[in-house]
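Here the structure is laid out as structure tokens; the discussion comes afterwards.
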Amino acid sequence: MAKVPVRFTLNGSEKAEFIESGATLLHALRDKIGDTSPKGGCHQGTCGACSVIIDGELRLSCLTLAETCNGADIRTTSGLAAGGVLHPLQRAFLDAFATQCGFCTPGMIMAAKVLLDRTPNPSREEVVEALSGNICRCTGYEPIIQAVLTAARANSQNAA
Amino acid sequence: MELRKSYFADVRKDGLNEIGQPRPRLDSPGHVTGKTAYFADRNFPGMLHLKMVRSPHHHARIRSIDTSEAEKHPGVVKVLTAKDVPHNVYTILILIQIGPEDETVLADGKVRWKGEAVVAVLAETERAAQEATAKVKVDYEVLPAVFDMEEALKPGAPLVNEYHGQNYYLYDSGGCRKVRFGDVEAGFAEADHILEQSYQSSPIEHAPTETTGCVVAPEGNDRFTCYTNTQAMFFTLDNASIILQMPGSKLHFVGGTVGGGFGGKVDVIVEPIAILAAKLTGRPVSFIYSREEEMQISSPRAAEKVVIKDGVMNDGRIVARKVTGYTDAGAYSRHSPYGAQKGAAHYPGPYTIPNVWIDTYCVYTNRTPSSAMRGFGVTIGDFALEVQMDKLARLIGMDPLEFRFINAYRDGDMKAHRQPTEGAALIECMQEASRAANWPVAEKYMAMSSYRKGA
């Protein structure tokens, strides 16, 4: 299988790899670059555990070909804490007991981040809609929804 | 949440400071930063990928296996069949002397359920391994299969598993687990009403977000490190030791981080074959279930059938209960004989009934082997028992909650399996439920206590 060069920024730092044509971004991130925060739960675009942010949009990295990401700005949960200080979403997930096994958490936080970047004060319904592509089998979702609402409140207080 | 401290105030130390308070989990900081290391986050240079050739039939004899084309497929490094496995026939609970060994790591001469592992293919990439599985030729002679427990128990039913010649598990107590307490027929004779009902459940898949799997790395000294998401570390270590005929000192298991288990990761399925592959190739090996395998291949909760016959008096007392429980093990035992046994101990429910008769059977069919899942052996039984309790209450025109107060077990009551009740709190839980759900019951029930009646 021919390899193709791929170059993008990951959490602000430049990355370049030769990757098999047809390989997914999830494979490139996890197995080539070593960012294992996106998880492979289904490899068919149904569970949301592999969610990342590409140029500001929420994307499923298991359905995204790595070679289509040339020049892209890619963000993952591993790059969210700035200088060791947790992002308000991370803080809220901790405080609200919104993680159990933790496998869905990085994807869940990415989905929530795209929501809050666009809708700083979402309604509960908007949070539910934004997380509807991410499956959690442990929490029953309620603590996750509360965590996102809490993070939104913390954000708006900081902004005020 | 309100913490009521009035219950059992005289016997309880009152240093309960944690309940009702949010406390961060120790592992959460790793989860929210993406730093928690799950088994599949370990990546080793030169790692091989294992894919399994699986039976397309529910029940078939294997006439021959031809792996020659698969071995020639570009990227394929090794192909494993039953003859490569040192101790191929095993059973998980042999560690606690619950036999017989009845399941193959890789099928040998026969397959007994659709999806059973037959041949393991190891290749440089997942894709090459997957492609090569399609090139393994297995010649099957399809056999009649049975999917229903009652059909499996009939004379002349297809024999599912030669290690269980009668299609049910033979306990030391015979063909079923039995509880006999009082005289159940005398109880029925005395009863004002008798109600017999059947309850059935289908298999249930745990569907964890992280699929079952492991990554094995040779340490270079004939010792192997196995990163796994097993929920049963020492069952897995000890069974791997038996299957591989290797001392446990050669096996280094790293686990404890599980991306959702719910009981679905207590079987010993991926680790032994992956360690064997690492040993025979000298290379790291990754064996990770696809989502399809997780849903179709991993053990579900057993299908169950529960037949409950109760004798009840007009004043609300249950005077006789007869239960026959059937647990569908699928083609192999795994944890199901234990699940059926748990059912026998559980079926009277948290109620004091003077005459009890229970038989629980662990039945073999050509379905996916079932195993552990959250409270297996009792969860479906509780569903059946509590629906039955509601029906009994309706039958005698009594409030369903008050009906449960009348029959609730209390400290000092003798349970059907002859363990005296200690530390019961059912009465108090129901009193609190009555308040919380705004479902009032008569004052005499709110004045009851779990302490020994009359004491």
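Throughout, read-outs are computed from the coordinates displayed, never taken from laboratory work. Treat the numbers as computed from the prediction; the structure is a model and nothing was measured. Cβ atoms come from the backbone with ideal geometry, glycine included; neighbour counts cover every protein chain shown.
Each label point was placed 7 Å from the Cα along the Cα-to-Cβ direction; for B:K35 and B:Q200 their separation is 5.3 nm. For B:G115, the residues 5 or more places off, or on other chains, whose built amide H falls under 5 Å of its own are B:S55, B:H57. From most to least packed by mean Cβ count within 10 Å, the peptides B:308-318, B:206-216 give B:206-216, B:308-318.
Most simply put, the stretch B:210-303 has about 70% antiparallel DSSP beta bridges, counting only bridges with both residues inside it. Annotation for B:I396 and B:E185: the two label points, set 7 Å from Cα along the Cα-Cβ direction, are 2.4 nm apart.
With N set to the number of residues, divide the alpha-carbon radius of gyration of the stretch A:3-79 by 2.2 N^0.38 Å and report two decimals. Computed over Cα atoms of the stretch A:3-79, the ratio equals 0.95. The ranking of B:K279, B:K444, B:K391 by Cβ neighbour count inside 10 Å, starting from the fewest, reads B:K444, B:K391, B:K279.
Note that the stretch A:88-159 carries a Kirkwood radius of 11.8 Å, evaluated over its alpha carbons pair by pair. Neighbours of A:F8 by Cβ distance under 13 Å: Lys/Arg scored +1, Asp/Glu scored -1, total -1.
A prolate overall shape is assigned to the stretch B:285-386, the ratio a/c of its alpha-carbon gyration tensor axes (a ≥ b ≥ c) being 1.5 or greater and a/b exceeding b/c. What fraction, in whole percent, of alpha-carbon pairs in the stretch B:156-244 exceed 19 Å separation? Result: 74 percent of Cα pairs exceed 19 Å. Can you work out ³J(HN,Hα) from phi for every residue in the stretch B:194-209, in order, using Karplus 6.51 cos²θ - 1.76 cosθ + 1.60 and θ = phi - 60°, giving whole Hz and x for Gly and Pro? So the J values, rounded to whole Hz, are 10, 10, 10, 9, 10, 10, 9, 9, 8, x, 10, 8, 5, 6, x, 5.
Fully extended, how many nm does the chain gain between B:A447 and B:A134 (0.36 nm per residue separation, minus their Cα-Cα distance)? Net length gain for the segment: 105.8 nm. In percent, rounded to a whole number, the relative contact order of the stretch B:344-422 is 41, using alpha-carbon pairs under 8 Å and six or more apart. Think of each Lys and Arg Cβ as +1 and each Asp and Glu Cβ as -1; about the Cα centre, that makes the dipole of the protein assembly as shown roughly 660 debye. Couplings 3J(HN,Hα) of the stretch B:109-121, computed from phi: x, 7, 10, 10, 8, 6, x, 4, 6, 10, 9, 9, 10 Hz, in residue order, whole Hz [Karplus 6.51 cos²θ - 1.76 cosθ + 1.60, θ = phi - 60°; x for Gly and Pro]. Applying 1/(1 + (r/R0)^6) with r as the Cβ-Cβ distance of B:Y7 and B:T125 and R0 = 51 angstrom yields a FRET efficiency of 0.25. For chain B, calculate the relative contact order in percent as a whole number, restricting contacts to Cα pairs under 8 Å that are 6 or more residues apart. That works out to 17 percent. When chain A is treated as a Gaussian network with alpha carbon springs shorter than 10 Å, the biggest mean-square fluctuation among A:A28, A:A147, A:A72 belongs to A:A72.
Taken residue by residue and averaged, Cβ atoms of other chains lying within 10 Å of the Cβ of B:24-30 number 5. Taking the Cα centre of the stretch B:116-266 as reference, the dipole from Cβ charges on Lys and Arg (+1) and Asp and Glu (-1) amounts to some 620 debye. The fewest-to-most ranking of B:F188, B:F376 by surrounding Cβ atoms within 10 Å reads B:F188, B:F376. Normalising the average separation of contacting C-alpha pairs (under 8 angstrom, six or more residues apart) by the number of residues puts the relative contact order of the stretch B:102-213 at 12 percent.
A Stokes-Einstein calculation at 25 °C with viscosity 0.890 mPa s, built on the Kirkwood radius of the protein assembly as shown over Cα pairs, returns a diffusion coefficient of 90 µm²/s. Residue by residue, the stretch B:402-419 carries 3J(HN,Hα) couplings of 4, 4, 6, 4, 4, 9, 4, 6, 9, 3, x, 5, 8, 7, 4, 8, 6, 10 Hz when phi is fed to the Karplus relation 6.51 cos²θ - 1.76 cosθ + 1.60 (θ = phi - 60°); x denotes Gly or Pro.
Rounded to the nearest 5, what % of DSSP beta bridges with both residues in the protein assembly as shown are antiparallel?
Of all bridge pairs located within the protein assembly as shown, approximately 80 percent are antiparallel.
Listed from fewest to most Cβ neighbours within 10 Å, the set A:K3, B:K265 follows the order A:K3, B:K265.
I'd like the distance separating the alpha-carbon centroids of the stretch B:392-455 and the stretch B:159-199, in whole Å. Taking the Cα centre of each part, the stretch B:392-455 and the stretch B:159-199 sit 27 Å apart. Here the spin labels are modelled as points 7 Å beyond Cα on the Cα-Cβ line, and at B:F147 and B:V89 they lie 2.8 nm apart. Computed across the stretch B:308-454, the Kirkwood hydrodynamic radius from all distinct Cα-Cα pairs reaches 16.5 Å. Note on chain A: Cα Rg divided by 2.2 N^0.38 Å, N the number of residues, gives 1.04. Counting only other chain Cβ atoms within 10 Å of each residue's Cβ, the peptide A:91-102 averages 6. Taking chain A as the reference, fit the longest principal axis to its C-alpha atoms, fit the long axis of helix A:105-118 to the helix C-alpha atoms, and give the angle between the two in degrees, 0 to 90, nearest 10. So the helix axis and the longest Cα principal axis differ by about 70 degrees. Stretching the chain fully between B:M313 and B:R61 yields a gain of 85.2 nm (0.36 nm per residue, less the alpha carbon separation). Inter-chain neighbour count for A:78-89: the average number of beta-carbon atoms from partner chains within 10 Å of each residue's beta-carbon is 2. Quick check on chain B: what does the Kirkwood estimate of hydrodynamic radius come out to from the alpha carbon pairs, in Å? Over chain B, the inverse of the mean reciprocal pair distance is 24.7 Å. Bridging of B:K322 to lysines at a Cα separation below 20 Å is possible for B:K178, B:K305, B:K309, B:K342, B:K391, B:K415, once same-chain residues fewer than 8 apart are set aside. Taking the Cβ of A:G45 as the center, what net charge do the other residues with Cβ under 11 Å away carry, scoring Lys and Arg +1 and Asp and Glu -1? Residues close to A:G45 contribute a combined charge of +2. With a Förster radius of 41 Å applied to the C-beta separation of A:R124 and B:R223, the computed FRET efficiency comes to 0.20. Between B:K154 and B:Q419, the contour length at 0.36 nm per residue exceeds the alpha carbon distance by 91.9 nm.
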